[in-house]
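Undergrad: Please see the structure below; I have some questions.
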Amino acid sequence: MSEDTPRPLPLAGYRILSAEQYGAGPYGTMFLAQLGAEVIKVESAEGDTARAVGPHFLRARESLFFQSFNLNKRSITLDLKTAAGQEVFHKLVSRSHAVANNQRGDLPAKLGLTYDALKAVNPAIVCAHLSAYGRGNSREKWPGYDYLMQAEAGFLSLTGEPDGPPSRFGLSIVDFMTGTMMSIGLLAALLAAKDTGVGRDVDVDLLSAALHQTSYPAMWYLNEGDVVTRTPRSSHPSVTPSQLYRTADGWIFVMAQLPKFWTVLVDRIGRPELAQDPRFATPAERTANRDVLTQVLDSILTAYPTAHWLAALQGHMPVAPVYGLDEALDNPYLAETGMVDEVPHADRAALRVLANPIRIDGQRLPNRAAPLLGQDTDSVLAEAGYDPDEIAALRRDGVV
């Protein structure tokens, strides 16, 4: 291979079947598809429920929401609840490397998606399971969603102003983190299966993932009994200044996480004498006097608009504007980094999508539009050895 010939993507040659729906599981497997794996969505005749999530649609039951989580995949329809459907599924499993799902915790066993159910078909198959509360416990039959996990894992109690109600993240961050964790576990198991020829089950659940994200506040509580609570202005629990401040036309987030950045801040806003103020002389004093320091910095920063302070501080210390979603996505920096991509779709010649944040060999990963429901059923079955008459019979019987 010459230096000018692009190398295959890292997961090229791997085939992953995914009985997935909505957000968490599809988000994780989309990373695998973008990294080169052939990810085949196994959908019911009604399709992934995400296809019907509004308010914006490319066509009936083909939503922009669905495009968010299913780029680069193929789609087949298959009724896993029938014996004929299981027979087709086993034939696909025999030529695949992994099976993923994000079904309710009690359903993988019922739908034949576990390693125990599939090892006779393919001993090396890796079976990755993502559910709300896990499998094999008292909650395995419970339905669950991201916002519930944010509530139970303590996220809401840490988010928002101290005198306001508990608040959730603006996005379904637990779904996205759990999907990513599922893919990490799946990839690790694939490496082992490649070496040993033996697959296994990999499990991750939303609540465990959410709790894991409590990270250092969890360590503080588990070992010192220190309960972190909400702080004003979205400030860091132990570092000051590291929070929101007012400007003449909005807000700015300033993070003097290291002592040197405090010096940079006061110098570049034209108030070097603040470094000598005994109330702010040390990190501990700044945190103890956070409310006073907030008033002082607000009085300075409100003299000019956000753009003025960004020009003075960006590149010298950690600082960022507080953008609305429209401003965030219209940021010219995204064009420089290639974070917004365009892919052709049957209903829109240039469908704008987000690029994957991972780069390989310095390049963004390639994208293609998410599949229409069942658009690959015939081709996937033909590749598995079914002839046109057999495919027609399966379709006639409602199996596909």
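Undergrad: Any residue that is touching a Pro at 6+ places or on another chain (Cβ under 7 Å), in contact (Cβ under 8 Å) with a residue 40 or more places away in the chain, open to solvent by less than 40 Å² (accessible area, probe 1.4 Å) and under 22 Å from Gly13 (Cα atoms) - is there at least one of those in the stretch 186-197?
TA: Keep residues of the stretch 186-197 that are touching a Pro at 6+ places or on another chain (Cβ under 7 Å), which gives 197.
Imposing the further condition that a residue be in contact (Cβ under 8 Å) with a residue 40 or more places away in the chain reduces the set to 197.
Now drop any that are not open to solvent by less than 40 Å² (accessible area, probe 1.4 Å), which leaves 197.
Subset that is under 22 Å from Gly13 (Cα atoms): 197.
Yes, there is a match, as at least one residue in the stretch 186-197 is touching a Pro at 6+ places or on another chain (Cβ under 7 Å), in contact (Cβ under 8 Å) with a residue 40 or more places away in the chain, open to solvent by less than 40 Å² (accessible area, probe 1.4 Å) and under 22 Å from Gly13 (Cα atoms).
Undergrad: Another one. Can you name every residue in the stretch 299-320 that is in a helix (DSSP H, G or I) and either of a type in the set (A, V, I, L, M, F, W, C) or open to solvent by 20 Å² or more (accessible area, probe 1.4 Å) (or both)? Break it down stepwise before answering.
TA: Residues of the stretch 299-320 that are in a helix (DSSP H, G or I), as a first pass: 299-301, 306-313.
Across the stretch 299-320, the qualifying residues are Ser299, Ile300, Leu301, Ala307, His308, Trp309, Leu310, Ala311, Ala312, Leu313.
Undergrad: Another one. Of Val99, Val53, which residue is in contact with a helix residue (DSSP H, G or I) (Cβ under 8 Å, 6 or more places away or on another chain), modelled with pLDDT of 95 or more and within 18 Å of Gly199 (Cα to Cα)? Walk me through it before giving the result.
TA: Working: Val53 fails: within 18 Å of Gly199 (Cα to Cα).
That would be Val99, the only listed residue that is in contact with a helix residue (DSSP H, G or I) (Cβ under 8 Å, 6 or more places away or on another chain), modelled with pLDDT of 95 or more and within 18 Å of Gly199 (Cα to Cα).
Undergrad: Can I ask one more? Name the single residue that is nearest to the chain's Cα centre (by Cα) among those in the stretch 327-347 being in a loop (DSSP other than H, G, I, E, B) and over 19 Å from Arg74 (Cα atoms). Steps first, answer last, please.
TA: So the first thing to find is which residues in the stretch 327-347 are in a loop (DSSP other than H, G, I, E, B), and the list is 330-331, 338-339, 346-347.
After this cut, where a residue has to be over 19 Å from Arg74 (Cα atoms) as well, the list is 330-331, 338-339.
Values: Asp330: 21, Asn331: 21, Gly338: 19, Met339: 15 Å.
Per the criteria, the residue is Met339.
Undergrad: Go through the stretch 231-255 residue by residue and tally those that are in contact with an Asp or Glu (Cβ under 7 Å, 6 or more places away or on another chain) and either surrounded by fewer than 16 Cβ atoms within 10 Å (Cβ to Cβ) or assigned to a loop (DSSP other than H, G, I, E, B) (or both). Please lay out each step first, then the result.
TA: Filtering the stretch 231-255 down to residues in contact with an Asp or Glu (Cβ under 7 Å, 6 or more places away or on another chain) leaves 232, 245-246.
Keeping just the survivors that are either surrounded by fewer than 16 Cβ atoms within 10 Å (Cβ to Cβ) or assigned to a loop (DSSP other than H, G, I, E, B) (or both) gives 232.
Adding up the residues that qualify gives 1.
Undergrad: Determine the pairs where a residue that is of a type in the set (Lys, Arg), located within the stretch 108-123, has a partner that is buried (at least 16 other Cβ atoms within 10 Å of the Cβ) with Cβ atoms under 7 Å apart, the partner being 6 or more residues away or on another chain.
TA: Lys119/Ile125; Lys119/Gly199
Undergrad: Follow-up. Scanning for something under 19 Å from Ala24 (Cα atoms) and part of a strand (DSSP E or B), does the stretch 75-93 turn up at least one residue?
TA: Just the residues of the stretch 75-93 that are under 19 Å from Ala24 (Cα atoms), to begin with: 75.
Now restrict to residues that are part of a strand (DSSP E or B): 75.
Yes - at least one qualifying residue is present in the stretch 75-93.
Undergrad: On to the next question. Could you tell me which residue of the stretch 28-74 is nearest to Leu187 (Cα to Cα), considering only residues that are in a loop (DSSP other than H, G, I, E, B) and of a type in the set (Gly, Ala, Ser)?
TA: At the first step, the residues of the stretch 28-74 found to be in a loop (DSSP other than H, G, I, E, B) are 35-37, 44-48, 53-56, 60-61, 68-73.
Narrowing the set further to residues that are of a type in the set (Gly, Ala, Ser) leaves 36-37, 44-45, 47, 54, 60, 68.
Details: Gly36: 13, Ala37: 11, Ser44: 26, Ala45: 29, Gly47: 26, Gly54: 32, Ala60: 35, Ser68: 22 Å.
Per the criteria, the residue is Ala37.
Undergrad: Based on this model, can you work out whether Arg104 counts as open to solvent by 30 Å² or more (accessible area, probe 1.4 Å), more than 13 Å from Ala19 (Cβ to Cβ), under 24 Å from the mean Cα position of the chain (by Cα) and not aliphatic (A, V, I, L, M)?
TA: Details: open to solvent by 30 Å² or more (accessible area, probe 1.4 Å): yes; more than 13 Å from Ala19 (Cβ to Cβ): no; under 24 Å from the mean Cα position of the chain (by Cα): yes; not aliphatic (A, V, I, L, M): yes.
Answer is no for this residue.
Undergrad: Let me ask another. Go through the stretch 163-179 residue by residue and tally those that are among the charged types (D, E, K, R), touching a residue at least 12 places away in the same chain (Cβ under 8 Å) and open to solvent by 60 Å² or more (accessible area, probe 1.4 Å).
TA: Of the residues in the stretch 163-179, the ones among the charged types (D, E, K, R) are 163, 168, 175.
Next, from what is left, pick out any that are touching a residue at least 12 places away in the same chain (Cβ under 8 Å): 168, 175.
Add one more test, that the residue is open to solvent by 60 Å² or more (accessible area, probe 1.4 Å), and what stays is 168.
Within the stretch 163-179, residues that are among the charged types (D, E, K, R), touching a residue at least 12 places away in the same chain (Cβ under 8 Å) and open to solvent by 60 Å² or more (accessible area, probe 1.4 Å) number 1.
Undergrad: Applying the selection to the stretch 347-400, what residues are of a type in the set (Lys, Arg), modelled with pLDDT of 95 or more and within 25 Å of Leu64 (Cα to Cα)? Even if it seems obvious, please write down each step before you answer.
TA: Restricting attention to the stretch 347-400, the residues satisfying the condition of being of a type in the set (Lys, Arg) are 348, 352, 359, 364, 368, 395-396.
Narrowing further to those that are modelled with pLDDT of 95 or more: 352, 359, 364, 368, 395-396.
Passing the criteria: Arg352, Arg359, Arg364, Arg368.
Undergrad: Separate question: So, Tyr386, is that one of a type in the set (Phe, Trp, Tyr) and under 28 Å from the mean Cα position of the chain (by Cα) or not?
TA: Values: of a type in the set (Phe, Trp, Tyr): yes; under 28 Å from the mean Cα position of the chain (by Cα): no.
No, not satisfied.
Undergrad: Next question. Which one is nearest to Arg233 (Cα to Cα), of the residues in the stretch 274-296 that are assigned to a helix (DSSP H, G or I) and of a type in the set (Ser, Thr, Tyr)?
TA: Here is the first cut: in the stretch 274-296, the residues assigned to a helix (DSSP H, G or I) are 274-276, 283-288, 290-296.
From what is left, the residues that are of a type in the set (Ser, Thr, Tyr) are 287, 294.
On the way: Thr287: 13, Thr294: 9 Å.
Within the stretch 274-296, the match that is nearest to Arg233 (Cα to Cα) is Thr294.
Undergrad: Scan the stretch 145-162 and give yes if some residue there is open to solvent by 30 Å² or more (accessible area, probe 1.4 Å), of a type in the set (A, V, I, L, M), within 30 Å of Trp309 (Cα to Cα) and part of a helix (DSSP H, G or I), otherwise no.
TA: yes
Undergrad: Follow-up. Can you find a residue in the stretch 117-138 that is of a type outside the set (A, V, I, L, M) and farther than 29 Å from Lys41 by Cβ?
TA: First pass over the stretch 117-138, keeping only residues of a type outside the set (A, V, I, L, M): 119, 122-123, 127, 129, 131, 133-138.
In the following step, the residues that additionally are farther than 29 Å from Lys41 by Cβ were identified as 138.
The answer is yes, given that some residue of the stretch 117-138 is of a type outside the set (A, V, I, L, M) and farther than 29 Å from Lys41 by Cβ.
Undergrad: Right, next: Pro6 is checked against (1) of a type outside the set (Ser, Thr, Tyr); (2) assigned to a loop (DSSP other than H, G, I, E, B); (3) closer than 22 Å to Ser379 by Cα and fails just one. What number does that condition carry?
TA: Of the numbered conditions (1) of a type outside the set (Ser, Thr, Tyr); (2) assigned to a loop (DSSP other than H, G, I, E, B); (3) closer than 22 Å to Ser379 by Cα, the odd one out for Pro6 is (3).
Undergrad: Working only within the stretch 59-96, note down all residues that are on the phi < 0 side of the Ramachandran plot, touching a helix residue (DSSP H, G or I) at 6+ places or on another chain (Cβ under 6 Å) and open to solvent by 40 Å² or more (accessible area, probe 1.4 Å).
TA: Once the filter is applied, which keeps residues that are on the phi < 0 side of the Ramachandran plot, touching a helix residue (DSSP H, G or I) at 6+ places or on another chain (Cβ under 6 Å) and open to solvent by 40 Å² or more (accessible area, probe 1.4 Å), the stretch 59-96 yields Phe65, Asp79.
The values are calculated or read from the model by the stated rules, or taken from the named source; none is laboratory data. If you're wondering where the values come from, they're calculated on a predicted model, not measured in any experiment. Quick reminder, even Gly has a Cβ in these numbers, built from the backbone with ideal geometry, and neighbours come from all protein chains shown. To get the accessible areas, we keep the full protein, side chains included, count just its heavy atoms, and leave off ligands, DNA and RNA. Shrake-Rupley method; radii C 1.70, N 1.55, O 1.52, S 1.80 Å.
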